[in-house]
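Q: Provided herewith is a single structure, encoded as structure tokens, for subsequent inquiry.
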Amino acid sequence: MDLKELYRDVILDHNRRPRNFGRIEAADGQAEGNNPLCGDRLSLTVRLNGERIEDIRFEGKGCAISTASASLMTEAVKGKERAAVRELFDKVHTLLTQPDAAADGSLGKLAALSGVREFPVRVKCASLCWHTLNAALGHGPPAVTTE
Amino acid sequence: MAANVPLAMSAPPLDAQAVRREFPILATTVNGHPLVYLDSAASSQRPLPVLRAIEDYETHSHANVHRGVHALSQAATAAFEGARERVRRFINARSVKEIVFVRGTTEGINLVAQAYARPRLRAGDEILISALEHHANIVPWQMVCEQSGCTLKVAPINRRGELELDAYLQLLSRRTRLVALAHVSNALGTVLPVKRLIEAAHAHGAVVLLDGAQAVPHSHVDVRSLGADFYTFSGHKLYGPTGIGVLYGREELLAAMPPWQGGGDMILTVSFEKTTYNELPWKFEAGTPNISGAVGLAAAMDYVESLGIDAIAAHEQRLLQLATAELTRLPGIELIGTAAHKAAVLSFVMKGVHPHDLGTILDTEGVAVRTGHHCAMPVMTFFGLPATARASFGCYNTEGDVERLVAALGRAREVFG
């Protein structure tokens, strides 16, 4: 297993300087994500304009994979409509779990997460924020746990 | 246990290389590196004598216990009850009636919570624990509090991870009916001055349970000299199998307690009108027990005594001191839990690297440590941390293992810059 595949520069950068970190007051949607196994906590707030995510922020404490994944996700979904976010969710899920999934161009920087699938115990770290986003958009339960 | 340290230091040194040859799993290669196993506080590995004892029992002696007149049933019963006597000697209990086989420490605590505390405690009564406890020594008492209306009190710790003795003493009162404490903290390695804590609790009429899961592998435990009313520990942290553990209880306490679970083996007679319960200790052992587990545990105790528990403790203390010194020198490493008296546990965090990432990086270097909250979330909250990395030592660890840990931590620093 190659550590460089897991901890790519994009991941390390987003871990050190998470984008869209914080919380939106008067948010239209919000959800908490928990990974009880490692104590990671994530709080996501979303402001919507109709179907479109106008703003999104996250805060919490987590490992490099979970922090970078959340940071990359906020960048990727900001300005997108719900339907497009769902599509992206499915693509990221495939990227994280299918052994030979090729990252298609539409994933952009999210493709940096492909190394995670070589480390099965870490997949939950990368997917926590996406499940939490589903919850914040009302697509799932209001609190998410990886267990 | 703290009092044993000077004695332990004078014990003849352990031949760790010879010990390692007894543990076949240590020859495993992990991610291209020879395994460095530093997770014995979660579960230790088993030596050949334990593996052979289990195989021998399963191959030649297995049947159900206490049931048949046939030869194998007698052999199995002899092996199982022989294991009980082995345990009695190991912890110096007065009688085998005081040795109840359970699945592990967690079940031992739950048994006392449900069969001792729940029927006796009422609103206004208090259970006292410490802020160092494993979830297994918190949640069963919270359940009793919900069921009986009694109150849970928590004695605080200081920044070194030591129990605040004065606060503990002040929390004791005639309302305190039960005190439940870790003998050694699993998350930090702190050794509690349990003899003194027990004396103080007894002075207020409280009954004391000790969670000995992390103490028994590292020190000579004599339940009578400690004065513990209940003492419980797990086989798999003592180089024995999983699924077997021991609850020691003073005979008069166990005798006065109702059974916990009902079923076969715990009865003398059953009719639809009236059932009479079996004698101690079988009253608390409903159903077919973990016979091979008990046999394996007895073999593990033989093994530990053949090495000498003082020699093991001294060996681990040397490794702990070496690792503490080495990690203190590394930039960005902070040790969590710096009590004056510690067992073979080193909890730490690395600045800028989450423990979970550290765990993955160390694993790619073949070094197995535990990362997470160690089933002690209140301890993590006290230190303001989501998690730590924890290296823990056993009889088979070496100075070379400490060097590999230090090198792997250096690799983590490289990756994260």
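Values quoted throughout were computed directly from the atomic coordinates according to the rules given, and no laboratory measurement underlies them. The shown structure was predicted, so the numbers you read here are calculated from the model rather than taken from an experiment. No Cβ is skipped: glycine too gets one built from the backbone with ideal geometry, and neighbour counts run over all protein chains shown.
Q: Sort largest first and round to whole Å: the equivalent ellipsoid semi-axes of the range B:372-417, each the square root of five times a Cα gyration tensor eigenvalue.
A: So the three semi-axes of the range B:372-417 are 24, 18, 6 Å.
Q: Let me ask something else. If you take the square roots of the eigenvalues of the alpha-carbon gyration tensor of the range A:3-145 and sort them as a ≥ b ≥ c, do you get rounded (a/c under 1.5), prolate (a/b over b/c) or oblate?
A: It comes out prolate by the Cα gyration axes.
Q: Separate question: Below 8 Å between Cα atoms, with a sequence gap of 6+, how large is the relative contact order for the range A:1-100 in percent?
A: With pairs under 8 Å counted, the relative contact order is 26 percent.
Q: What per residue convex hull volume, in Å³, comes out for chain B when only alpha-carbon positions are used?
A: 140 Å³
Q: Given charges of +1 on the Cβ of Lys and Arg and -1 on the Cβ of Asp and Glu, with all other atoms neutral, how large is the dipole of the range B:249-396 about its Cα centre, in debye to the nearest 20?
A: The calculation lands at about 500 debye.
Q: Then there's this: HN-Hα J couplings of the range B:378-385 from phi, Karplus 6.51/-1.76/1.60, θ = phi - 60°, integer Hz, Gly and Pro as x?
A: x, 5, 4, 4, 4, 8, x, 10
Q: Take peptide B:348-356, look around each residue's Cβ out to 10 angstrom, count Cβ atoms belonging to other protein chains, and average those counts.
A: Mean shielding by partner chains, rounded to a whole number: 4.
Q: Classify the range A:47-97 as rounded, prolate or oblate from the Cα gyration tensor: take a ≥ b ≥ c as the square roots of its eigenvalues, call it rounded if a/c is under 1.5, otherwise prolate when a/b beats b/c and oblate if not.
A: The shape class here is oblate.
Q: Measuring from centroid to centroid over Cα atoms, what is the spacing of the range A:1-69 and the range B:329-369 in Å?
A: Each part's Cα centre sits 25 Å from the other's.
Q: Next question, about the same structure. Give me the Debye-computed log₁₀ of I(q)/I(0) at q = 0.07, 0.09, 0.12 Å⁻¹ for the protein assembly as shown, equal point scatterers on Cα only, no solvent, two decimals.
A: Scattering profile of the protein assembly as shown, log10 relative to I(0): -0.48, -0.78, -1.18.
Q: Quick one: order B:V112, B:V402 by neighbouring beta-carbon count within 10 Å, fewest to most.
A: Listed from fewest to most nearby Cβ atoms, that is B:V402, B:V112.
Q: Would you mind ranking B:M266, B:M377 by Cβ crowding within 10 Å, fewest neighbours first?
A: The most exposed by this proxy come first: B:M377, B:M266.
Q: I'd like the GluC sites (Glu not before Pro) in the range A:1-45 restricted to DSSP loop residues with at most 16 other Cβ atoms within 10 Å, sorted by number.
A: Of the GluC sites (Glu not before Pro), the ones in loops of the range A:1-45 whose Cβ has at most 16 other Cβ atoms within 10 Å are A:E25.
Q: Related question: Measuring from a point 7 Å past the Cα of B:T324 along Cα-to-C-beta, which residues in the range B:368-410 have an amide N at less than 15 Å?
A: Residues passing the 15 Å test: B:391-393.
Q: Oh, and also: Under a point spin-label approximation (7 Å from Cα along Cα-to-Cβ), what is the A:A84-B:V96 distance to one decimal in nm?
A: Here the modelled spin labels are 7.5 nm apart.
Q: Further, regarding this structure: Would you order B:S292, B:S40, B:S347, A:S43 from fewest to most other beta-carbon atoms within 10 Å of each residue's own beta-carbon?
A: Result, fewest neighbours first: A:S43, B:S292, B:S40, B:S347.
Q: For helix A:123-136, report the angle its Cα long axis makes with the longest principal axis of the Cα atoms of chain A; keep it between 0 and 90° and round to the nearest 10°.
A: 10 degrees
Q: To the nearest 0.05, how large is the calculated FRET efficiency for B:R122 and B:H202 if R₀ is 30 Å and r is the Cβ-Cβ distance?
A: Taking R0 as 30 Å, the efficiency between B:R122 and B:H202 is 0.90.
Q: Under 16 Å Cα to Cα from B:K195, which aspartates and glutamates show up? Leave out anything in the same chain fewer than 8 places away.
A: Reachable aspartates and glutamates: B:E162, B:E164, B:D166, B:D211, B:D222, B:D229.
Q: Return the loop-located trypsin sites (Lys or Arg not before Pro) in the range B:16-98 (DSSP other than H, G, I, E, B) with at most 13 other Cβ atoms within 10 Å of their own Cβ; answer none if there are none.
A: Sites meeting the loop and neighbour criteria: B:R67, B:R94.
Q: In percent, what relative contact order does the range B:252-387 have, based on Cα pairs under 8 Å that are 6 or more apart in sequence?
A: Taking the mean separation of contacting Cα pairs over the length of the range B:252-387, I get 12 percent.
Q: Apply the a/c threshold of 1.5 to the C-alpha gyration tensor of the range B:35-132 and tell me whether it is rounded, prolate or oblate.
A: oblate
Q: Moving on. How large is the dipole of the range B:51-305 about the Cα centre if only Lys and Arg carry +1 and Asp and Glu carry -1, each at its Cβ, rounded to the nearest 20 debye?
A: 460 debye
Q: Let me have the 222 nm mean residue ellipticity of the protein assembly as shown computed from DSSP H runs of 4+ only, each contributing -39500 (n - 2.57), with the sum over all residues rounded to the nearest 500.
A: Rounded to the nearest 500, it is -11500 deg cm²/dmol.
Q: If r is the Cβ-Cβ distance from A:A102 to A:D55 and R0 is 41 Å, what FRET efficiency results, to the nearest 0.05?
A: 0.85
Q: A further question on this structure: Considering only DSSP states other than H, G, I, E and B, which trypsin sites (Lys or Arg not before Pro) in the range B:255-360 qualify as loop sites with at most 11 other Cβ atoms within 10 Å?
A: Counting only loop positions with at most 11 other Cβ atoms within 10 Å, the trypsin sites (Lys or Arg not before Pro) in the range B:255-360 are B:K274, B:K351.
Q: Also, quick follow-up: On average, how many beta carbons from a partner chain sit within 10 Å of the beta carbon of a residue in A:56-66?
A: Mean partner shielding for this stretch: 3.
Q: If I build a Gaussian network model for chain A, linking alpha-carbon pairs within less than 10 angstrom, which residue out of A:K91, A:K61, A:K124 has the largest mean-square fluctuation?
A: So, out of A:K91, A:K61, A:K124, the one fluctuating most is A:K61.
Q: Any idea how far apart B:E146 and A:E25 come out in nm if each label point goes 7 Å out from Cα toward Cβ?
A: 3.8 nm
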